[in-house]
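Colleague: Right, I'll just put the structure down here and ask away after.
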Amino acid sequence: MFKQIDRKLIDFNPFTKIGNDWMLISAKKDGITNTMTASWGMAGHLWNEDVVMVFIRPQRYTHEFVDNSTTFSISFFDGKKKELGYLGKVSGKDEDKISTVNFHVTEIEGTPTFEEAKFTIICEKIYIDSLKEDSFLNKEILTKHYPDMDLHTIYIGKVKGMYINE
């Protein structure tokens, strides 16, 4: 099913994969998997490591799962925008939203992803911080995206492995 690939050989454009196609951020807590759709994130090189950076608002249920896990995954899909939209709107606190969209949890390196994913990155958390109101130089961004001041938590994950689903 999933095959590890050399990250230097992957054709991955974060502007389209994250911003346009969206991704799922997933983690496990107490044996339960939760996920959320995200379209804000980054991939690059920091501290001599290949990393991804994801942003999760504190009120999201997935926040506590990522907080309580040493790893998380980001997963990408082809032709599943309707399902990803649903997973982004409904909380796993309220229903088994993963089953509702007919996705099936599997694990890579002990970290949850989905059988339906075409590409998954497994990450080890190495840094956590929160956006800070005083750090916004352009206050229009703050007022537009944070009217309730629910500033995102930033998670930086070291890339442990990249996998394609064959």
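The values are calculated or read from the model by the stated rules, or taken from the named source; none is laboratory data. The shown structure was predicted, so the numbers you read here are calculated from the model rather than taken from an experiment. For neighbour counting, all protein chains shown are included, and Cβ atoms are generated from backbone atoms with ideal geometry for every residue, glycine included. Areas reflect the complete protein model, heavy atoms only, side chains present, ligands, DNA and RNA absent. Shrake-Rupley method; radii C 1.70, N 1.55, O 1.52, S 1.80 Å.
Colleague: Looking at V90, V66, which is the one that is more than 18 Å from K17 (Cβ to Cβ) and without any contact (Cβ under 8 Å) to a residue 40 or more places away in the chain? Reasoning before the result, please.
Modeller: On the way: V66 fails: without any contact (Cβ under 8 Å) to a residue 40 or more places away in the chain.
Answer to the check: V90.
Colleague: Same structure again: Filter region 122-166 for residues that are of a type in the set (A, V, I, L, M, F, W, C) and part of a loop (DSSP other than H, G, I, E, B) and give the result. Explain how you work it out, then say what you get.
Modeller: Of the residues in region 122-166, the ones of a type in the set (A, V, I, L, M, F, W, C) are 122-123, 126, 128, 131, 136-137, 141-142, 149, 151, 154, 156, 159, 162, 164.
Scanning region 122-166 gives L131, F136, L137, M149, L151.
Colleague: Mind checking whether some residue in region 1-11 is in a strand (DSSP E or B), among the polar types (S, T, N, Q) and out of contact with any His (no Cβ under 9 Å at 6 or more places or on another chain)? Even if it seems obvious, please write down each step before you answer.
Modeller: First pass over region 1-11, keeping only residues in a strand (DSSP E or B): 2-5.
So of that shortlist, the ones also among the polar types (S, T, N, Q) come out as 4.
Cutting the leftovers down to out of contact with any His (no Cβ under 9 Å at 6 or more places or on another chain) gives us 4.
Scanning region 1-11 turns up at least one residue that is in a strand (DSSP E or B), among the polar types (S, T, N, Q) and out of contact with any His (no Cβ under 9 Å at 6 or more places or on another chain).
Residue-by-condition table, conditions (1) open to solvent by less than 40 Å² (accessible area, probe 1.4 Å); (2) under 26 Å from I141 (Cβ atoms); (3) touching a Pro at 6+ places or on another chain (Cβ under 6 Å); (4) among the basic types (K, R):
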{"site": "F2", "(1), (2), (3), (4)": "no, no, no, no"}
{"site": "G19", "(1), (2), (3), (4)": "yes, yes, no, no"}
{"site": "S26", "(1), (2), (3), (4)": "yes, no, yes, no"}
{"site": "V51", "(1), (2), (3), (4)": "yes, yes, no, no"}
{"site": "V54", "(1), (2), (3), (4)": "yes, yes, no, no"}
{"site": "V90", "(1), (2), (3), (4)": "yes, no, no, no"}
{"site": "K93", "(1), (2), (3), (4)": "no, no, no, yes"}
{"site": "E109", "(1), (2), (3), (4)": "no, no, no, no"}
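Colleague: Report yes if some residue within region 131-150 is touching a Ser or Thr at 6+ places or on another chain (Cβ under 7 Å) and either of a type in the set (D, E, K, R) or surrounded by 11 or more Cβ atoms within 10 Å (Cβ to Cβ) (or both); otherwise report no. Lay out the reasoning, then the answer.
Modeller: Narrowing region 131-150 to residues touching a Ser or Thr at 6+ places or on another chain (Cβ under 7 Å): none.
For region 131-150, residues touching a Ser or Thr at 6+ places or on another chain (Cβ under 7 Å) and either of a type in the set (D, E, K, R) or surrounded by 11 or more Cβ atoms within 10 Å (Cβ to Cβ) (or both): absent.
Colleague: Could you list all residues from region 95-107 that are open to solvent by 60 Å² or more (accessible area, probe 1.4 Å) and either more than 14 Å from K28 (Cα to Cα) or assigned to a loop (DSSP other than H, G, I, E, B) (or both)?
Modeller: E95, D96, S99, T100, N102, H104
Colleague: Which one of these does K8 not meet: (1) on the phi < 0 side of the Ramachandran plot; (2) touching a residue at least 24 places away in the same chain (Cβ under 8 Å)?
Modeller: In the conditions (1) on the phi < 0 side of the Ramachandran plot; (2) touching a residue at least 24 places away in the same chain (Cβ under 8 Å), K8 misses (2) alone.
Colleague: In region 35-62, what residues are more than 9 Å from the chain's Cα centre (by Cα) and over 16 Å from K17 (Cβ atoms)?
Modeller: Once the filter is applied, which keeps residues that are more than 9 Å from the chain's Cα centre (by Cα) and over 16 Å from K17 (Cβ atoms), region 35-62 yields H45, L46, W47, N48, E49, R57, P58, Q59, R60, Y61, T62.
Colleague: Name every residue in region 68-78 that is within 16 Å of H104 (Cα to Cα) and either over 11 Å from the mean Cα position of the chain (by Cα) or part of a loop (DSSP other than H, G, I, E, B) (or both), in order of residue number. Let's see the steps before the verdict.
Modeller: At the first step, the residues of region 68-78 found to be within 16 Å of H104 (Cα to Cα) are 73-78.
Hits for region 68-78 are F77, D78.
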